[in-house]
Amino acid sequence: MTGQRIILAIAALWGLAGVIMLAAGSHPPQTGNLAIGGQFLLFHAAAVIAILSTSLISGWRRALPMALMLTGSGLFAFEIIIHVATGVILPGLAPVGGGIAMLGWLVLVIAPLIEPKN
C-alpha cells in the first residue's frame with residue numbers, strides 16, 4: 001500500500017468524521033463546538049485530496065503540507081470531541097492543532113514557489 005493511498009484514506013476518514021460532527025452538532029442538545037470541529041475536518045480533508053490530485057508539487061512539498069493539515073485538524077477536532085463528550089478540556093490541544101494546520105497552509109503557499117532540483 002502506498003503512502004498516497006494511506007493519506008487519501010485518512011483524508012476520507014476526516015471527511016466522514018466531519019460530517020458526523022456537523023450532523024451531531026445540529027441536533028439537540030446543540031453544540032456549536034461540534035460543528036466547528038466538523039467544518040475544520042471537512043475543509044482540511046478536501047484540501048488534502050486536492051493536494052494529492054495536483055501534479056504541480058511533489059516530494060516533500062506535497063507530503064509536508066498534507067501531514068501538517070491532517071495532524072493539525074485531527075488534534076483540533078479531537079480536543080473538541082473529548083470536551084463535548086466528557087467535559088474535560090485538554091488545554092492547548094486545539095490551539096496547537098490549529099497552529100499546525102495553519103503551518104500546513106503556509107507550507108502550501110511556499111511549496112509551489114520552490115523550484116524542484118532535478
ILE57 vs (1) of a type in the set (A, V, I, L, M, F, W, C); (2) surrounded by fewer than 17 Cβ atoms within 10 Å (Cβ to Cβ); (3) outside any helix (DSSP H, G or I): all pass except (2)
Name the one entry in ILE51, ILE110, ILE89 that is over 24 Å from ILE6 (Cα atoms) and either acidic (Asp, Glu) or modelled with pLDDT of 95 or more (or both). ILE110
The correct count of residues that are touching a residue at least 40 places away in the same chain (Cβ under 8 Å), surrounded by fewer than 19 Cβ atoms within 10 Å (Cβ to Cβ), among the β-branched types (Val, Ile, Thr) and assigned to a helix (DSSP H, G or I) in the stretch 1-45 is 2
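The values are calculated or read from the model by the stated rules, or taken from the named source; none is laboratory data. If you're wondering where the values come from, they're calculated on a predicted model, not measured in any experiment. Here the Cβ is made from the backbone with ideal geometry for all residues, glycine too, and neighbour counts use every protein chain on show.
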